[in-house]
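As structure tokens, the structure follows; a few thoughts come after it.
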Amino acid sequence: MPGESSRCHLNGKTEGQQQFTINVTGPGLKATNNWVVPQIVLREASKQLGTLLIVPEQGMRLQVASREGITPLDPAKSGIRQKGVLAFRMLQTPWILALDVQQVDPWIQVTSLQHATISEAQLKIIANLQYQIENTGLKSFRVFIPTNAEGVRFQGEQISDFLRVPEVVTNGLQAWDVKLHRRIIGGVPFAGQLSNFAAGKGHGCFAARSAGVGCESAARICYGPNRGAFAGHRGQIA
């Protein structure tokens with residue numbers, strides 16, 4: 001806490017290089033301006049130098065409002081690849097750093113490749129979907145497929161369960177919720193399979209649509225009864 005003092009007692013007199021770890025916690029932080037970054041000052045030290053790393057959680061963006069006594073560093077040179085991390089080198093003690101903290105809207109992008117096999121007996125589609133999640137973490141997805149589809153299955157390393165949502169139907173498409181084992185950030189691949197349905201007007205061979213995404217692009221490959229194939233592409237949907 002600001003202005004609070006604590007004393008660390010050692011087992012005996014020490015000299016030379018020593019290493020200590022200090023953990024402190026406090027309340028969470030919401031979007032704000034000119035937030036003063038807390039610091040730890042060693043009162044008995046005649047000189048205190050080092051590096052300061054500030055790591056925001058997903059969905060938060062940090063910008064420097066003012067600084068004094070510290071200089072910015074490139075986090076990548078320290079092996080840090082996470083986006084949004086700020087790094088500084090301390091030039092003096094005490095130093096001052098104020099940040100503007102902003103909330104960032106989630107962004108979800110989906111790319112899919114859908115294979116359709118058409119025969120006199122049935123229409124079978126396998127859709128491979130690749131989700132890219134930024135600024136948030138998701139534990140489930142909602143996918144829309146034709147209401148008359150049969151044999152619906154979803155497969156993927158992260159998938160724990162999937163179920164139809166009977167009360168959610170739009171434009172001849174039925175909602176399905178796909179649940180994951182844990183909250184995911186980044187890329188999530190999985191596949192869906194369905195058969196025995198008649199494609200609705202304007203849907204063509206596209207059988208799977210993702211809900212709640214910022215951008216969706218899809219490609220299709222359809223195999224006809226004569227074993228020939230033709231490809232199509234659906235552009236980005238913002």
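The figures follow:
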read-out	value
Residues that are assigned to a loop (DSSP other than H, G, I, E, B) and either of a type in the set (S, T, N, Q) or modelled with pLDDT under 90 (or both), drawn from the range 59-81	Gly59, Gly79, Ile80, Arg81
Number of the condition not met by Val168 [criteria: (1) surrounded by 17 or more Cβ atoms within 10 Å (Cβ to Cβ); (2) of a type in the set (A, V, I, L, M); (3) at pLDDT 80 or above]	(1)
Condition broken by Leu97, with the remaining ones in (1) at pLDDT below 90; (2) part of a strand (DSSP E or B); (3) farther than 30 Å from Phe154 by Cα satisfied	(1)
Within the range 1-34, considering residues that are surrounded by 10 or more Cβ atoms within 10 Å (Cβ to Cβ) and among the polar types (S, T, N, Q), the one farthest from the chain's Cα centre (by Cα)	Asn34
Search result, residues across the range 1-36 that are within 18 Å of Glu57 (Cα to Cα), in contact (Cβ under 8 Å) with a residue 12 or more places away in the chain and of a type in the set (Gly, Ala, Ser)	Gly26, Ala31
Subset tally (residues that are under 13 Å from Ser66 (Cβ atoms) and surrounded by fewer than 17 Cβ atoms within 10 Å (Cβ to Cβ)) for the range 80-101	3
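The values are calculated or read from the model by the stated rules, or taken from the named source; none is laboratory data. This one's a predicted model, so the numbers in the text were calculated from it and none came from an experiment. Note that we place each Cβ from the backbone using ideal geometry, even for glycine, and neighbour counts take in every protein chain shown.
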